[in-house]
Every structure is written in structure tokens, then in C-alpha cells.
Amino acid sequence: MKDVKLRKFHAASWDEPLIMELGRKGERGIIPPTPAKKVCEDIGPAKELVPSGMWRQEDIDLPELAQYHVLQHYLRLSQETMGMDLGADIGEGTCTMKYSPKMHEQIVNSTKMTDLHPLQPDDTLQGILEIVYGLEQYLKQISGMSKFTFQPGGGSHATYTNACLLRKYHESRGELAQRDEVITTIFSHPCDGATPATAGFKVITLMPDENGYPDLEALKAIVSERTAGIMFTNPEDTGIFNPKVAEYVKVVHDAGGLCFYDQANANGIMGIARAFDAGFDACHFNLHKTFSSPHGCEGPAAGAYGVREELARFLPVPTVEFDGSKYFLDYDRPDSIGKVRSFMGNLECIVRAYAWIRSMGAEGLKTVAKISVLNNNYLDMLLLRIKGVSRPYAEGKRRLEQARYSLEQLKEDTGVGTLDIKNRLSDFGVQGYWLSHHPWIVPEPFTPEPCETYSKADMDYWAAAMKQSIEEAYEDPSFSINAPYGQAIGKIVDDSLIEDPERWACTYRAFKRKHKKD
Amino acid sequence: MKVGFIVNPLAGIGGRVGLKGSDGQDIVDKAFSLGAVCEAPAKARKALERLLELKDKIDLVTWPGPMGETIARELGFRPQVIGRLADEITTPHDTEAAAADMAAMGVDLLLFAGGDGTARNVHDAIGSRIPVIGIPAGVKIHSAVYADTPAHAGDAAKLFLSGSGRIQIKEAEVMDIDETAFREDRLSARLYGYMSVPNVRNLMQNAKAGSVSTEHETMVSIASDIISKLEEDVCYIIGPGTTTRAIMTSLGLANTLLGVDAIRGRRLIGTDLNEAGLLSLLDEMDAQGIPTKVIVTVIGGQGYVFGRGNQQLSHRVLRRVGKENIVIVATESKMLALNGKPLLVDTGDAEVNEMLTGYAKVITSLNRTMAYRISC
């Protein structure tokens with residue numbers, strides 16, 4: 001890390017208005033030609049082609065701009081952000097920000113994909129169905145599960161699917177009224193508690209024991225004939241892998257519940273440890289994290305949800321089946337929980353995941369897991385050498401693919417907290433980091449995840465940028481507190497701008513209603 | 001923004017020399033004779049240091065000499081010094097007078113350094129009228145009006161003062177630990193009252209976590225959980241505290257904030273009951289074959305469920321009610337503020353303490369519980 005030269009970075013700053021405030025009445029991007037007379041005669045008035053109920057009664061309130069002004073606007077905005085391939089996005093832990101191969105973009109952007117319509121007959125969808133079916137076979141091997149659905153549009157959607165399936169399973173056994181409790185852990189993703197709550201369960205949260213594992217004794221104390229299941233991650237957000245996870249599974253199984261393994265962050269275990277082998281009944285993967293689809297604000301998501309053989313009959317419809325000669329969509333599944341989303345899911349994520357697995361190969365996937373763990377432990381060593389940084393729980397124990405650190409000491413010493421350091425870090429040309437899921441148990445948290453994409457030099461750079469940011473805080477706290485200096489927008493001094501509902505709005509129309517009163 | 005700053009320079013002086021507290025002139029004298037030094041000023045200074053950045057934006061009001069002025073001047077503040085010390089050795093009257101005067105001057109926030117006794121003095125003077133932040137300078141502090149550390153107290157004040165009105169206020173307990181009894185290894189801990197404090201834990205997270213429920217909303221959610229499960233033919237004994245108060249408020253019932261009430265069939269059947277009252281209530285319910293449940297919350301900053309601030313719920317009462325009929329409610333932020341330390345019981349009876357230990361499902365909001373360890 002000694003030889004790292006920190007880059008000087010400054011984002012473009014355009015002081016760009018909202019697009020709703022741009023343009024002027026009558027400004028046009030494209031003026032379509034008037035149709036030929038013959039066409040008009042044959043087709044009749046265009047208005048008659050659209051059912052009257054679908055006609056807009058009032059003029060649409062959209063800005064009127066020339067095409068190149070629209071392009072300018074969005075290019076400027078894009079310059080003001082730190083795009084996904086501009087910096088080493090090591091900081092965004094729990095998100096597995098790996099490089100998404102550009103060749104895969106060519107595949108999903110080809111007309112073979114973009115011209116598909118989900119309502120085409122199955123026999124004209126054989127290619128895409130083969131990919132969906134093929135990806136399912138791979139994920140079955142990776143997890144040990146027997147059947148998958150790709151319908152959920154994200155990780156939390158997959159955990160919601162699991163909560164729905166829990167209901168269906170206990171209902172099928174006549175125990176739904178009695179089994180109304182789902183257990184999760186405080187360091188699992190919040191969706192593992194939120195989605196069963198949405199599905200009508202009462203949620204019990206386990207706290208960590210002194211080693212940082214979910215408290216097993218607490219679990220034993222609270223399981224009962226009311227237990228519907230457990231939904232949790234391993235490793236949890238702390239990055240600590242729980243080697244005794246099978247014991248937790250047994251406790252819940254003995255009580256009559258089902259066990260769901262939230263594998264949103266599978267990068268450290270892929271090809272190494274399987275949910276099925278630890279006794280789990282169901283699991284999910286985020287195709288947009290572990291399997292390379294770009295995500296966050298950079299692309300749609302897909303939650304691949306898989307279950308054991310006994311639970312396969314409950315999966316959403318349709319499933320993709322193969323009869324030996326052709327692929328087809330199977331809607332004839334009477335025990336299914338129904339649909340959790342339209343059609344088959346976000347196909348572009350499925351295609352990218354399929355392409356990624358094919359390009360990596362089985363050994364390649366294991367290598368990904370090994371390198372991501374190795375990377376994390378290398379970065380861990382660099383970070384723990386920095387004054388003010390600590391890593392609560394399980395001292396001396398290695399983390400897998402990510403770790404949650406604390407800047408509590410720095411805050412205590414200087415008054416500079418994790419939000420300040422995050423702001424300052426971005427001045428060195430890397431994306432800001434992920435703090436923590438809610439609630440903050442680790443004080444002043446940050447959670448990097450240097451997945452397999454990143455080189456030793458990338459990690460050296462990231463750690464050096466952290467070190468510099470923190471050393472500055474010790475030298476001059478006010479400098480750190482007023483960061484960032486190189487971004488399009490400076491420090492947001494008044495957080496109430498985003499917290500006070502009177503001062504923000506989700507849409508421009510709502511904004512106008514609130515503030516312009518027209 | 002006007003900020004009051006009060007230091008009880010003698011806070012914690014008894015602790016370091018093993019005297020379990022510093023209340024009372026003779027104890028202070030004894031502590032000095034045992035070689036105790038005042039550590040409170042250094043702690044108060046650590047907190048005030050965090051406000052240096054706002055030095056030119058706030059008007060600091062303080063009391064003379066060791067009660068705030070010295071530290072403020074050393075740090076470079078130009079405080080408005082009010083009041084007059086009656087004697088070289090400060091007394092609780094100084095704290096009370098200072099707090100009252102500052103409140104009368106309309107301070108927006110009162111920062112005070114001390115221990116449980118100091119919090120009581122401030123409470124006596126101003127109640128819950130203005131927001132306060134306690135700088136912990138005592139030895140073992142039970143009152144939840146205190147921040148974890150002096151630096152945290154300063155950070156909280158800074159956030160509050162620069163937060164432009166977006167700060168949520170919550171009520172936090174002031175505890176009355178009878179030091180004389182405590183020194184004799186007898187326990188007498190009363191819930192003394194509540195003061196208003198900024199809800200900083202939420203505040204720190206808000207920027208990233210989006211909307212976090214206010215303390216009040218969470219309490220209403222807890223009340224909904226309890227009320228949704230309320231059984232007609234069960235007697236409920238409701239312990240003291242703001243969280244349990246929310247249940248009574250939601251039911252439209254009067255309640256005793258610092259005492260124990262009882263309800264049955266959504267009607268109040270006992271108000272501010274003492275131990276004897278509770279025991280005779282239990283007799284009455286037993287005679288009618290009506291089961292009884294106890295609903296309590298965590299009192300103070302140390303995580304006590306029984307034995308601090310709700311002694312009416314004695315080991316005799318709890319033994320009769322039984323562990324399975326005890327319901328614990330607490331907001332998630334209160335549970336997380338324990339930093340993993342277990343909940344505590346101290347009923348004065350080893351057997352009952354033992355009975356109460358283990359794991360409890362603490363209700364943290366509607367349909368949400370936290371499995372949490374209870375120790376004694």
C-alpha cells in the first residue's frame with residue numbers, strides 16, 4: 001500500500017435544472033411526417049384506432065424539448081454521477097459490485113432478446129426457455145435445491161416469495177393458524193423480517209451472542225408449535241460465517257418450521273457450501289449481485305428462489321419445463337402460491353447470469369468464491385492497520401467476503417463520523433461506501449466488499465484513500481466534516497431537505513402540488 | 001440558539017473511592033479525605049469541546065466557576081455567566097437554581113454534567129419543559145437522560161443544535177437511587193420522573209436509513225400489539241414508564257406514569273398500587289379464578305426490567321404471577337442502546353431472580369419481538 005498515489009478527482013458540475021423546467025412550448029424533438037393520403041384513406045382517422053376510454057382527457061404536462069437538448073441534459077446528469085465502471089466500487093458491501101462483462105450486454109441488447117414478447121406461444125420461445133431452464137439446472141447444482149423460480153424482481157421479492165410459500169406449506173398441513181411466527185436475526189437483511197411480516201407473520205429477531213453468531217440458546221428458547229420458519233443469512237452482514245448453521249436448522253426443523261437461507265450475498269460460498277447440505281428447505285440468489293448483472297440504479301434485479309423437492313409444488317406459476325424435446329411453460333400446478341410477478345421475471349438478468357456461469361465454468365465459480373474471500377481478508381488487514389478503525393464481534397476470526405467495520409473510535413477522538421469519511425472518500429474517485437442496514441448496531445459503520453473483480457492494486461488504492469481520509473480527520477476534523485470537495489454537489493448541510501416531507505416530493509407533479517400550488 | 005451548561009463538579013467523586021455515589025455533604029467530605037479528585041469537570045469539558053465548532057452560533061449560558069464558567073472560558077467560549085455560588089463547595093441547590101434560571105432565560109437546550117442526583121435536581125427545577133442532555137460524570141448512572149459517554153453527549157448536542165428543527169424529542173427516565181440504602185447493600189430505586197431528550201439514535205441514522213419511526217409511533221405500535229391480544233377475563237398489571245403509558249393512553253384509560261396500575265376488561269381496577277395493594281389484588285383475582293399478567297418495560301439506561309423504578313412489583317408479586325405471565329415491552333432503540341448487555345432483574349430474592357432469567361420475547365412493535373437474554 002506504500003506506493004499508492006491517490007488520484008485527484010473532480011466531477012463535472014453543470015448546475016443542471018430539472019428536465020421539467022427545461023424547454024419551451026412548441027419545441028420539438030421529432031416532427032413525424034404526415035402519412036400518405038392512401039394510408040389515411042385505408043386506415044381512417046388515427047383517433048378511431050384507439051378505444052375512446054383510453055383517450056387522455058387533459059393535455060399531458062410534459063416538457064417540450066428538442067432531441068439534442070434531452071440528450072445534453074441526461075449526459076450532463078450522468079457526468080455528475082460516479083458511474084459503475086468509473087471507479088473500483090469496493091465500498092458497496094452487501095451489494096457484490098462485480099464487473100459485468102460487456103459482451104453480455106450485447107447479448108441482452110440483441111434483437112433476439114429485445115424483440116421477444118412474453119405472450120408469444122411457447123414454441124416460438126424455445127431459445128429463451130432453454131436458457132431459463134439451463135440456468136435453473138446450474139443453480140440447482142450450486143444450491144442443492146430441486147426447483148427454482150426466477151419470477152421475483154429482486155432479492156427481497158424472493159424472500160417475500162418464501163414467506164408466501166411458508167404460508168402455503170403450513171396451510172397444506174392445516175397448521176397455518178397455529179404457526180404464525182417467523183424467526184430472523186438482527187444482522188440478516190431487514191427483508192428477512194419485513195417480508196414475513198408483510199405476509200402476515202409475527203416476527204421474532206435474534207440478537208448476536210458474544211461471538212457474533214445469532215444466539216443459538218435464544219433460538220432454542222423461543223421455537224415452539226407456533227414456529228413457521230426461520231429466514232436468515234450466513235454469513236450475516238458482519239461477514240462472520242456461522243459454521244454451526246446446521247444446528248440452527250435442526251432446532252427449527254424439530255419444532256416443525258421450515259428454514260430459508262437468504263443467499264443474497266453468495267459470493268463467498270458459491271460452489272463451496274450448499275444450502276441443501278446444511279439442511280435448508282429453501283434459498284435464493286440475487287442474479288444481479290453474485291451472478292454479475294449490473295444493479296443498484298444501474299439495472300433491474302432478479303431473485304432466483306429455489307426449494308427442496310417436497311416444496312416444489314408450491315412455487316409460482318408458470319414453471320419452465322422440458323419434456324425431452326421441447327421447453328414449455330407449465331401453468332397447471334394446483335398447489336402453487338400463484339404469481340408473484342408477471343411472466344417469467346427479468347429475462348435480461350437471467351440471460352446475463354446464464355452467460356456468466358457458462359463463461360466461468362464450475363471451477364471458475366469456486367475460484368470466484370475463493371478470491372472474494374482472499375480479497376476481503378487482504379483488505380481487512382489493510383483497514384485494521386488504520387487508526388480509528390475497528391471490526392466489532394468475533395475478534396481474531398476471519399470474515400468471508402465482506403466485513404462490517406466501525407469508526408466509533410474516530411468519532412470519539414475527533415467528532416468525525418462515518419458519513420463524513422464516506423463523503424471524503426468519494427473525492428479520491430471511488431464510489432462512496434455502504435454503511436449498514438437498519439438498525440445501526442455497529443456504531444459509525446461501514447461495510448466494504450472487495451469481490452473477485454478487484455485487483456490487489458485496486459484494494460491498495462481503496463485502503464489508501466480510506467487511510468488518507470481518516471488521517472485528515474485526525475489532523476483537521478472540520479476539513480473532513482465539510483467534505484466532499486470534488487463532487488458535483490457539496491455536502492448536504494441541511495438533512496431536513498430529505499427528511500421533511502414538506503420539503504421534498506417523489507414526483508415533479510407532487511412537488512408542484514406542495515410548493516407551487518398549481 | 002441559547003444553550004445552558006451546568007456542571008456538578010462533585011459528581012462521581014464518591015465512586016472512585018468506593019463510596020457508591022456522592023450525594024450528601026458528609027460523603028463528599030469523606031471522599032476528599034480518601035483522596036478523591038473531581039473528575040466531572042474533565043468529562044464535562046470533553047462534551048463541551050464538541051460544540052467548539054458552533055462557538056459563534058450559540059449563546060452559552062453557564063453558572064460561575066467550577067459549575068461551568070471555568071471550562072467554558074478555557075475552551076474559548078464567551079459565556080454569559082449568571083447566578084452566584086453560595087459557597088466554595090457546590091450543592092444541589094446550585095444545580096436547581098442554575099437550571100431554573102436558565103429555563104427562565106429560554107435556553108433551547110440544557111447540557112448538564114453529573115449523575116443520578118444531578119438529574120433529579122435538574123428535573124426538580126425544570127421538569128420536562130426543555131430538552132436536556134446529560135453528560136455522564138457519575139460512577140454508575142441509571143437515569144436514561146445521560147448519553148453513553150461525554151463525547152456522545154457533546155455530539156448529540158451538536159446534532160440537536162445544527163439539526164434545524166428536525167430533531168425528535170423523547171422522554172427519558174430520571175432515577176432516584178437511594179445512595180444511603182445502596183451503600184448498605186439495600187436497594188431502593190425509584191422512577192423519579194421524565195425529562196425531554198433529543199432522540200439521537202434515530203437522528204444519526206436518518207440520513208441514510210430514510211424514515212425511521214419516532215419514539216412515539218413505536219410506542220403506539222407496541223400498544224397496538226398488546227391491545228390486539230388483550231383478553232377480557234384477564235387482569236393486567238401495568239408497570240410504570242412511558243412505553244406502558246402508551247398502552248393505557250391507547251385504551252383511553254388514566255394511568256400512573258411512575259406507578260403501577262391494573263386493568264381488567266379494558267377498565268381500570270387499580271391505580272398507583274403498592275406491593276400490598278398488588279398482593280391483595282392477586283388474592284382477589286385468585287378467588288375469582290381470574291389469571292393475572294404483568295406488563296412492564298425496561299426502566300432507565302442500565303436495562304433493568306425489575307428492581308429499579310418498579311419495586312412495587314416485588315419478588316412476592318412476581319412469584320405469584322409466574323414467569324410465563326410476564327410481558328416485556330420496549331422500543332427497539334431502547335433495546336439496542338443496551339449494546340448487547342442483557343436485561344437485568346434484581347428483585348432482592350435470589351430464587352425469583354433465577355426464575356426470571358433466561359430468554360424473553362420483548363415486544364418491540366406490532367407483531368415484532370426481539371429474543372433477548374435476561375440476567376440477574
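Of all the criteria given as (1) buried (at least 18 other Cβ atoms within 10 Å of the Cβ); (2) touching a Gly at 6+ places or on another chain (Cβ under 7 Å), the one not satisfied by B:Ala99 is (2).
Applying the criterion of being part of a loop (DSSP other than H, G, I, E, B) and within 13 Å of chain B (Cβ to nearest Cβ) to the residues of the range A:212-235, the residue that is farthest from the chain's Cα centre (by Cα) is A:Ser224. When the range A:424-444 is limited to residues that are more than 10 Å from every other protein chain (Cβ to nearest Cβ) and under 22 Å from the mean Cα position of the chain (by Cα), the one that is farthest from A:Ala12 (Cα to Cα) turns out to be A:Val442. Scanning the range B:90-121 for residues that are under 26 Å from B:Glu49 (Cβ atoms), within 13 Å of the chain's Cα centre (by Cα) and either of a type in the set (Asp, Glu) or in a helix (DSSP H, G or I) (or both) yields B:Asp116, B:Gly117, B:Thr118, B:Ala119. Residues in the range B:247-264 that are more than 23 Å from the chain's Cα centre (by Cα), free of Cβ contacts under 8 Å to residues at least 24 places away in the same chain and closer than 21 Å to B:Met285 by Cα: B:Leu253 alone.
Would it be correct to say that A:Leu419 is in a loop (DSSP other than H, G, I, E, B), surrounded by 17 or more Cβ atoms within 10 Å (Cβ to Cβ) and within 12 Å of chain B (Cβ to nearest Cβ)? Taking the combined requirement at face value, the residue does not satisfy it. Evaluate the range B:348-357: report whether one residue or more is within 14 Å of chain A (Cβ to nearest Cβ), in a helix (DSSP H, G or I) and modelled with pLDDT of 95 or more. Yes, the range B:348-357 has at least one match.
Against the condition more than 24 Å from A:Ser143 (Cβ to Cβ), acidic (Asp, Glu), at pLDDT 95 or above and surrounded by fewer than 16 Cβ atoms within 10 Å (Cβ to Cβ), how does A:Glu247 come out, does it pass? Judged against the criteria, A:Glu247 is not a match.
Among the residues of the range A:245-257, some residue qualifies, meaning at least one is in contact with a strand residue (DSSP E or B) (Cβ under 7 Å, 6 or more places away or on another chain), hydrophobic (A, V, I, L, M, F, W, C), over 24 Å from B:Glu332 (Cβ atoms) and within 14 Å of chain B (Cβ to nearest Cβ). Just a yes or no: is a residue in the range B:361-373 part of a helix (DSSP H, G or I) and either surrounded by 19 or more Cβ atoms within 10 Å (Cβ to Cβ) or within 11 Å of chain A (Cβ to nearest Cβ) (or both)? Within the range B:361-373, none of the residues are part of a helix (DSSP H, G or I) and either surrounded by 19 or more Cβ atoms within 10 Å (Cβ to Cβ) or within 11 Å of chain A (Cβ to nearest Cβ) (or both).
When you look at A:Ile90, is it without any contact (Cβ under 8 Å) to a residue 60 or more places away in the chain and of a type in the set (Val, Ile, Thr), yes or no? Against the criterion (without any contact (Cβ under 8 Å) to a residue 60 or more places away in the chain and of a type in the set (Val, Ile, Thr)), A:Ile90 does not qualify. Please verify whether B:Gly83 is touching a strand residue (DSSP E or B) at 6+ places or on another chain (Cβ under 8 Å) and surrounded by fewer than 16 Cβ atoms within 10 Å (Cβ to Cβ), treating the condition exactly as stated. Judged against the criteria, B:Gly83 is not a match.
Of the residues making up the range A:265-318, those that are part of a strand (DSSP E or B) and either surrounded by fewer than 24 Cβ atoms within 10 Å (Cβ to Cβ) or small (Gly, Ala, Ser) (or both) are A:Ala282, A:Gly303, A:Ala304, A:Gly306. If you scan the range A:165-208, which residues turn out to be assigned to a helix (DSSP H, G or I), in contact with a strand residue (DSSP E or B) (Cβ under 7 Å, 6 or more places away or on another chain) and without any contact (Cβ under 8 Å) to a residue 40 or more places away in the chain? Within the range A:165-208, A:Gly193, A:Pro196, A:Ala197 qualify.
Of the residues contained in the range B:88-111, none is found to be within 19 Å of B:Thr149 (Cβ to Cβ) and small (Gly, Ala, Ser). Quick one: would you say B:Ala276 is under 20 Å from B:Pro240 (Cβ atoms), surrounded by fewer than 17 Cβ atoms within 10 Å (Cβ to Cβ), away from chain A (no Cβ under 14 Å) and without any contact (Cβ under 8 Å) to a residue 12 or more places away in the chain? Yes: the conditions hold for B:Ala276.
For the range A:118-141, the set of residues classified as at pLDDT 95 or above and in contact with a Ser or Thr (Cβ under 9 Å, 6 or more places away or on another chain) consists of A:Glu136, A:Lys140, listed by residue number.
Based on this model, can you work out whether A:Ile240 counts as more than 17 Å from A:Arg167 (Cα to Cα) and more than 10 Å from every other protein chain (Cβ to nearest Cβ)? So A:Ile240 fits the description; yes. Of all the residues in the range A:185-211, those that are facing chain B (nearest Cβ under 10 Å) and within 29 Å of A:Gly396 (Cα to Cα) number 9.
The values are calculated or read from the model by the stated rules, or taken from the named source; none is laboratory data. Fair warning: this is a prediction, and the values are worked out from it, not measured in the lab. Because the Cβ atoms are built from the backbone with ideal geometry, glycine has one as well, and the counts that use them run over all protein chains shown.
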